[in-house]
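Just below is one structure, and these are the notes that go with it.
No lab work stands behind these numbers, since they all come straight from the coordinates. Here the structure is a predicted model, which is why all the values come from computation and not from measurement. Every residue, glycine as well, gets a Cβ built from its backbone with ideal geometry; the counts of neighbours run over all protein chains shown.
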Amino acid sequence: PTLKHPPTVWTDGTLSLLTHGYAWLPDHMRASPDGIVRTRLLGRRTVALRGPEAVDFFYDEQHVQRRAALPDPVLDTLFGQGAVHTLDGRAHRVRKAMFLGLLKDERGIEALRDHVLLRWREAVGRWGDAPEEGVVLFDETARILALAVCDWTGVALTAEDGEQLARDCVAMVDGFATAGPRHLRARHARKRQEQALAQLVVRVRERQETAPDGCALEVVARHRDADGTLLDPRLAAVELLNIIRPTVAIAWFATFAAHALHRWPQHRGPVRGDVSGHLATGFAHEVRRFYPFAPFVGGIAVRDLEWHGESVPEGTLLLLDLYGQHHDAQWWDHPYRFDPHRFGTGESLRHLVPQGGGDPAEGHRCPGEDITVTLLAALVTELAGLDIGVPDQDLTIPLSRIPTLPRSGFRFHLS
Ligand code: HEM
């Protein structure tokens, strides 16, 4: 009998992922005749998929579980040991409900946006006195978001602690996918913030510290898991950080938004003039589609599965290619064109998965998506409204680095 394809050689792709970054999976996808990538990561047999049908397949709990899918280096830096990201079934539902209650509430989101705008305007006041070389937008936005999200979660901070928290949140995200000094910095940052927040949770429980009713600090401190127990203080700190850290991470998208406004200045006027805010929201979605942030998500096949004729044995690591899906012409008209109008003209938000897919209440899709879009749209409007000068700098965005950013962090001064 003739073989349709040569037998697959399951070579380990870990090193290649570390060196090629965002390009790793899309390169393999392009080279694959059937759109499925077969490889190994950290020695484990791995199959990568892409596309709306793959999203449904991946987010079915009968197919994929998260327990044991995330390696310790990622948990010890980005998410924290025991985080909601690592739970399945009822344990996940109960913990996830806590996040959804906090993060999907419309009035709560508006309050957070108001905190961000307040901190932004304070910063704009300072930027007028900045030295000639200007300020770095990424650093400034991370600090603004850290202070605002702490105002909102009920975590009282001095300006100095706010600086440290912003730096630590950035370090946790920056160092999760690499070895060496960036990774060590991420581990130290997590340890420091987990310790500080765990002590705060204990003080709230012992009523030595008050937290406003319904704020994240109070809700997480009082939350009971599926087994009826309180989270131990370190785990409560992990989950508080799972609200604070990704909110600070919106600084990545804000910096990409500034890059887009600079690169395609024709959008600046229309965003300024659009009082409805629809264009700023479309711009925010397009930033989330166009620019690289979360490359893929992963989970473990819970039983022997089949995907388009491919057998996927139990225990296989399944990857869903998020970044690649956003640049595939099967689902996007001119995927490499930055077009903030595309979501108003028929292209589907269903295909947009920068923060995961499926139903956030049923699966692991990000519960912070509404917050991300609201804050990013507000920042896009503010950025478009500023008259700025952008000195010569290196604005290239290296795809080999996860996470990536314009190399300069986007330096500017008010003009
Ligand atoms: C999960 C991306 C902002 C809280 C996720 C996932 C991705 C993601 C890819 C995993 C989905 C999966 O495993 O299937 C992002 C990006 C953000 C962002 C790119 C932009 C900065 C936020 C914000 C919050 C948040 C602002 C909270 C305020 C979470 C939590 C989870 C999560 C708690 C775990 C959900 C679960 O496991 O059920 N996010 N996120 N994220 N995100 Fe976000």
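From the set of residues in segment 348-381 that are crowded, with 19+ Cβ neighbours inside 10 Å and away from the ligand (no atom under 12 Å from the Cβ), which is nearest to the chain's Cα centre (by Cα)?
Filtering segment 348-381 for residues that are crowded, with 19+ Cβ neighbours inside 10 Å and away from the ligand (no atom under 12 Å from the Cβ), the one nearest to the chain's Cα centre (by Cα) comes out as Ala377.
Would you confirm whether any residue within segment 182-197 is in a loop (DSSP other than H, G, I, E, B) and touching a residue at least 12 places away in the same chain (Cβ under 8 Å)?
Here is the first cut: in segment 182-197, the ones in a loop (DSSP other than H, G, I, E, B) are none.
No, there is no match, as no residue in segment 182-197 is in a loop (DSSP other than H, G, I, E, B) and touching a residue at least 12 places away in the same chain (Cβ under 8 Å).
Are any residues in segment 15-53 in a strand (DSSP E or B) and touching a His at 6+ places or on another chain (Cβ under 8 Å), and if so, which ones? Let's see the steps before the verdict.
So in segment 15-53, the residues in a strand (DSSP E or B) come out as 37-41, 44-49.
Matches in segment 15-53: Val37, Thr39, Ala48.
Being part of a loop (DSSP other than H, G, I, E, B) and touching a Ser or Thr at 6+ places or on another chain (Cβ under 9 Å) is the filter here, so list the residues in segment 209-233 that pass it. Show your work before the answer.
Residues of segment 209-233 part of a loop (DSSP other than H, G, I, E, B): 209-215, 223, 225-229, 231-232.
Once the filter is applied, which keeps residues that are part of a loop (DSSP other than H, G, I, E, B) and touching a Ser or Thr at 6+ places or on another chain (Cβ under 9 Å), segment 209-233 yields Ala211, Cys215.
I'd like the residue in segment 53-85 that is closer than 17 Å to Gly368 by Cα and touching a Phe, Trp or Tyr at 6+ places or on another chain (Cβ under 9 Å) and, out of all such residues, is farthest from the ligand (Cβ to nearest atom).
The qualifying residue farthest from the ligand (Cβ to nearest atom) is Leu78.
Select from segment 77-92 the residues that are touching a residue at least 40 places away in the same chain (Cβ under 8 Å) and either of a type in the set (Phe, Trp, Tyr) or surrounded by fewer than 15 Cβ atoms within 10 Å (Cβ to Cβ) (or both) and list them in ascending order. Before the answer, list the steps.
The initial filter retains those residues of segment 77-92 that are touching a residue at least 40 places away in the same chain (Cβ under 8 Å), namely 77-85, 90-92.
Passing the criteria: Phe79, Gln81, Arg90.
Looking at (1) more than 21 Å from the chain's Cα centre (by Cα); (2) surrounded by fewer than 21 Cβ atoms within 10 Å (Cβ to Cβ), find the lone condition where Ala211 falls short.
Of everything listed in (1) more than 21 Å from the chain's Cα centre (by Cα); (2) surrounded by fewer than 21 Cβ atoms within 10 Å (Cβ to Cβ), Ala211 misses just condition (2).
Test of understanding: among Arg107, Arg119, Arg93, which residue is farther than 30 Å from Ser32 by Cα, more than 18 Å from the chain's Cα centre (by Cα), within 11 Å of the ligand (Cβ to nearest atom) and of a type in the set (D, E, K, R)?
Details: Arg107 fails: within 11 Å of the ligand (Cβ to nearest atom); Arg119 fails: within 11 Å of the ligand (Cβ to nearest atom).
Answer to the selection: Arg93.
Among the residues of segment 109-139 satisfying the criterion of being within 24 Å of Val219 (Cα to Cα) and touching a residue at least 40 places away in the same chain (Cβ under 8 Å), which is surrounded by the fewest Cβ atoms within 10 Å (Cβ to Cβ)?
Glu110
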